[in-house]
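Worksheet for the structure shown next.
No value in this document is a laboratory result; all are computed from the given coordinates. What you see is a predicted model, and the numbers here were worked out from it, not measured in a lab. Cβ placement follows ideal geometry from the backbone for every residue including glycine, while neighbour counts extend to all protein chains displayed.
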Number of protein chains: 2
Amino acid sequence: MTRMTPFKELISYEEALERIRKSIKPIDRTESVSIENALDRVLAKEIVANMSVPPFDRAAMDGYAVKAKETFGASSFKPKTLKLTEILHAGASSNIVLGKGECVQVATGSPIPEGADAVVMVEFTERNGNDVKILKPVYPRANISPKGEDIEEGKVVIKVGEQLFPARIGALAALGTEKVEVYEKPRIAVVPTGTEIKEVGSSLKEGQIYDVNSYTLSSIINKNGAVPIKCKAVPDTTDELRNATKTLLKHDMIVFSGGSSVGERDLLMSVIQEFGTVVFHGIQVKPGKPTLFALVAGKPICGMPGYPTSCLLNAYLLLVPAIRQMATLPPKIEKTMKARLAKRVVSSTGRKQFLTVKIKRNLAYPVFKQSGAITSMTEADGYIVLPINVDVVERNQEVTVFLFD
Amino acid sequence: MTRMTPFKELISYEEALERIRKSIKPIDRTESVSIENALDRVLAKEIVANMSVPPFDRAAMDGYAVKAKETFGASSFKPKTLKLTEILHAGASSNIVLGKGECVQVATGSPIPEGADAVVMVEFTERNGNDVKILKPVYPRANISPKGEDIEEGKVVIKVGEQLFPARIGALAALGTEKVEVYEKPRIAVVPTGTEIKEVGSSLKEGQIYDVNSYTLSSIINKNGAVPIKCKAVPDTTDELRNATKTLLKHDMIVFSGGSSVGERDLLMSVIQEFGTVVFHGIQVKPGKPTLFALVAGKPICGMPGYPTSCLLNAYLLLVPAIRQMATLPPKIEKTMKARLAKRVVSSTGRKQFLTVKIKRNLAYPVFKQSGAITSMTEADGYIVLPINVDVVERNQEVTVFLFD
């Protein structure tokens, strides 16, 4: 018969984060991916430039390639006239050699012909047939992007651990890189517990409900650089939980949902104590007090609350930092906004409270119903945080809203 | 021979955004996707609850289901004793009927047996064999989540146009929904122009460079709810541009890169004027002045600058709002942070300037080299904005950094 005992030791949210930080080992397995598929991945092998970018001296402006010294003294009153010998488009090969008194028309990106050392911008010229009047002098190297100006051959362009955001994908392309070595995404087993939990798609009998947490957890895992492995529901018995834990330890992390509340937590706890160590169980937050975090054979095991809102909010608060650390991703940058509270809220004392709110015309309306209610979250735009020592926040007070993402 | 004329009319960034807003028509094609694949998609057909959630009255706490009136007057000094007749786990079917003086042990989520109308929390009980002492009275319906408390059958749960973030995927799961109707993602043709542009994977001849913009633009498009269609480079001739435009109009938008600068812009301009209308060409921003936006047969055509940094920054500034509107997505929420400028910067007058910066110990270091340099972007963490009327920002001044994402 299930023993039912209340919680003993609760730790602060900050302490929970710190214990997670110390427990997580980033994945060091790597894989090779094409740069088309490398967006947002984390580089595992530094990128050294195998060529210069640009690969040749090129025009930085539309205009005329000239010998700079032949433009010295030019002005709109007293232009210097050069003979146009050629038009060089971007992409054209530059087998042209610029002679004395000559110029070549170039477009931005064209290679600079041999013998030229500057480009006069088109705005400072006047053309008449093949005569080009130069209205302003240029100094040597003016309006030329020299070879290697952007990236020097042999230089490190992207370091290990850097995330491949769009600009870095662009730098890889500039170097002609086809494939890069990135860290593998952590594989996270998502396991609902309880015999009442049924798969979406099956029909419900009296007393049964659909699995919600696997879907919300998988979504969060997907959005934070990891791969969710959705598993079948496990009944809340010591044997079943033990078997599931053993089988699923081949993945990088196991996230159970449900079964960590008072009624059932002893089961998962006792299984974990057989094999590993409990890092924490019980946090001074609302909703979500019963969250369990443990290590078994070096692998993190999370026991999330079964209530959908508690489970999801605790996933944002605790699971996201754990997953990102495992994926070598930088901490998530929260999107926040300021709003005024539309009505007074009262907090339970002794716990940091996370309160879901909806934003309307810059007012934050609390939408929390109860921790079982998924609609507390679907209607919310984000949440506000009430510190442990705050009991009441008055209407109209300015609050920071952390927006869901 | 290419005509080379400077820009005529430049509009403000705000005016450019407003013209884009008025020009874009959201995609109204829809598709059916499984809820596993619906994350971040936009709902095209409202979700009406086809069942109640919870689907039955259930225990909101671990404890004992009782007849509330039988607990009236109970206290720790004078407990009421009830007979435990059954243990009801979550998921168990409730064919039990509670008799007078009886109680049933329930776990959070268990159905409430017939005849019971409240749950006493385990914390306020003492058990001795099958005798359960009730130490505190409960009112009727206490600690029970009634059927439909979260979602009422027949109610609209998610509206058309709402984005399916994790909590909403959870609500779909709670209702047993397998598939949802969402808007199709806009299909955006990405076309580099210029004969000097070569595919990553090919080898370069003198004067040639690798295609960078297709990769950065595709990344941005992917990250903002649309599908990039990477196309082969098109040579900068009126005929080739005309053919490409005609062929690619089957997609929802065409984004050319390169070819909108002074030297070549007239080509794309003249092609567009044959078929459609120019919405704007030339913006008072730096980098990126030459960006072109047009409508041909109702479809938006963008001409992005060829320089990688200009192209990418203009994609963040102009393309992202256009794509998101087309995808019925809310405007992107910028991630920002405050930092102090590590050194004085001077702005060009008459243009709103976007300056890439790197953050180190809360100082913002300008990393801009020149608009051709992709490393201006790979090293940057974000950018700061210098308004048109600001010429100089002093060292140590506080600035808002818009972080790349």
By what distance, in whole Å, do the Cα atoms of the stretch A:211-308 stretch along each of the three principal axes, largest value first?
32, 32, 23
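Can you tell me the convex hull volume per residue for the stretch A:275-343, based on C-alpha atoms, in Å³ to the nearest whole number?
Values: hull volume 7.7 nm³, N = 69.
Taking the convex hull of the Cα positions in the stretch A:275-343, it is 112 Å³ per residue.
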Computed lengthening from A:Lys136 to A:Lys155, 0.36 nm per intervening residue step minus Cα-Cα distance
3.1 nm
Student exercise, the stretch B:336-403 dipole from Lys, Arg, Asp, Glu Cβ charges, in Debye to nearest 20:
140 debye
Approximate shape of the protein assembly as shown as ellipsoid semi-axes (Cα gyration tensor, √5λ), whole Å, largest first
64, 25, 23
If each Cα of the stretch B:89-207 is one equal point scatterer, what is log10 of I(q)/I(0) from the Debye formula at q = 0.10, 0.22 Å⁻¹?
-0.58, -1.31
Sum of side-chain charges, A:Tyr383 neighbourhood, beta-carbon under 13 Å (Lys, Arg +1; Asp, Glu -1)
0
Assuming R0 = 56 Å, can you tell me the calculated FRET efficiency for the pair B:Ser348 and A:Gln273, based on Cβ-Cβ distance, to the nearest 0.05?
0.25
Hydrodynamic radius (Kirkwood) for the stretch A:329-405, which is based on Cα pairs only, to one decimal in Å:
12.8 Å
Sorting B:Met253, B:Phe293, B:Val320 by the position of each Cα along the dipole of the stretch B:234-340 (Lys, Arg +1; Asp, Glu -1; all at Cβ), the one nearest the positive end of that ordering is B:Val320
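Exactly which trypsin sites (Lys or Arg not before Pro) in the stretch A:323-386 are in a DSSP loop and have at most 14 other Cβ atoms within 10 Å? Intermediate results must be reported in sequence, preceding the final value.
Numbers: sites: A:Arg324, A:Lys332, A:Lys335, A:Lys338, A:Arg340, A:Lys343, A:Arg344, A:Arg351, A:Lys352, A:Lys358, A:Lys360, A:Arg361, A:Lys369; in loops: A:Lys332, A:Lys335, A:Lys343, A:Arg344, A:Arg351, A:Arg361, A:Lys369.
Passing both the DSSP loop test and the Cβ count: A:Lys343, A:Arg344, A:Arg361.
Got a sec? How would B:Asp57, B:Asp391 order by Cβ neighbour count within 10 Å, fewest to most?
Working: B:Asp57 21, B:Asp391 12.
With the fewest neighbours first, B:Asp57, B:Asp391 line up as B:Asp391, B:Asp57.
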Sorted from shortest, what are the nm distances separating the label point of A:Arg141 from equivalent points in the other copies, each placed 7 Å from Cα along Cα to C-beta?
8.1
Among A:Ile359, A:Thr309, B:Ala90, whose Cα lies farthest out toward the positive end of the dipole of the protein assembly as shown, if unit charges sit on the beta carbon of Lys, Arg (+1) and Asp, Glu (-1)?
A:Ile359
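Quick one: which of A:Lys185/B:Lys338; A:Lys335/B:Lys159; A:Lys45/A:Lys246; A:Lys205/A:Lys360; A:Lys299/B:Lys223 span more than 28 angstrom between C-alpha atoms?
A:Lys185/B:Lys338; A:Lys45/A:Lys246; A:Lys205/A:Lys360; A:Lys299/B:Lys223
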Starting from the 7 Å offset along Cα-to-Cβ, what nm value, one decimal, do you get for the label separation of B:Ala297 and A:Glu178?
3.5 nm
So for B:Asp40, A:Asp252, fewest C-beta neighbours within 10 Å to most, what's the order?
B:Asp40, A:Asp252
What residue among B:Asn128, B:Asn314, B:Asn389 shows peak mean-square fluctuation when chain B is described by a Gaussian network model with Cα springs under 10 Å?
B:Asn128
In whole angstrom, how long is each semi-axis of the equivalent ellipsoid of the stretch B:58-145, when you take the square root of 5 times every eigenvalue of its Cα gyration tensor and sort them from largest down?
18, 13, 11
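Please return the longest stretch of chain A lacking exposed loop sites, where chymotrypsin sites (Phe, Trp or Tyr not before Pro) count only if DSSP places them in a loop and at most 12 other Cβ atoms lie within 10 Å.
Numbers: sites that count: A:Phe72, A:Phe77.
With chymotrypsin sites (Phe, Trp or Tyr not before Pro) excluded where exposed in loops, chain A gives A:78-405 as its longest stretch.
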Simple label model, 7 Å out from Cα along Cβ direction - B:Val33 to B:Asn128, nm
6.1 nm
Axis-nearest residue of B (beta carbon) for the B-onto-A rotation, whole Å
B:Lys335, 3
Partner aspartates and glutamates whose C-alpha sits under 12 Å from that of B:Lys80, ignoring same-chain residues fewer than 8 away, are B:Glu70, B:Glu102, B:Glu126, B:Asp131
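When the Cα atoms of chain A are enclosed in a convex hull and the volume is divided per residue, what value in Å³ results?
216 Å³
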Sparse-neighbourhood loop sites, trypsin sites (Lys or Arg not before Pro) in the stretch A:33-136 - DSSP loop, at most 11 other Cβ within 10 angstrom
A:Lys100
Please give the calculated 222 nm ellipticity per residue for chain B, where each DSSP H segment of at least 4 residues contributes -39500 (n - 2.57) and the sum is spread over every residue; nearest 500 deg cm²/dmol?
-5000 deg cm²/dmol
Which net charge results for the neighbourhood of B:Phe77, defined as the other residues with beta-carbon distances under 14 angstrom from its beta-carbon, given Lys and Arg at +1 and Asp and Glu at -1?
+3
Across the identical copies, how the B:Ser348 labels are spaced - nm, sorted shortest first, 7 Å along Cα→Cβ
6.0
Give the calculated FRET efficiency between A:Lys45 and A:Ser203 to the nearest 0.05, with a Förster radius of 56 Å applied to their Cβ-Cβ distance.
0.65
By what distance, in whole Å, do the Cα atoms of the stretch B:149-278 stretch along each of the three principal axes, largest value first?
69, 36, 22
For A:Gly161, place a label point 7 Å out from Cα along the Cα→Cβ vector, do the same in each other copy, and report the separations in nm, one decimal, smallest first.
4.5
What three numbers, in Å, describe the spread of the alpha carbons of the stretch A:275-396 along their principal axes, ordered from the longest?
50, 30, 26
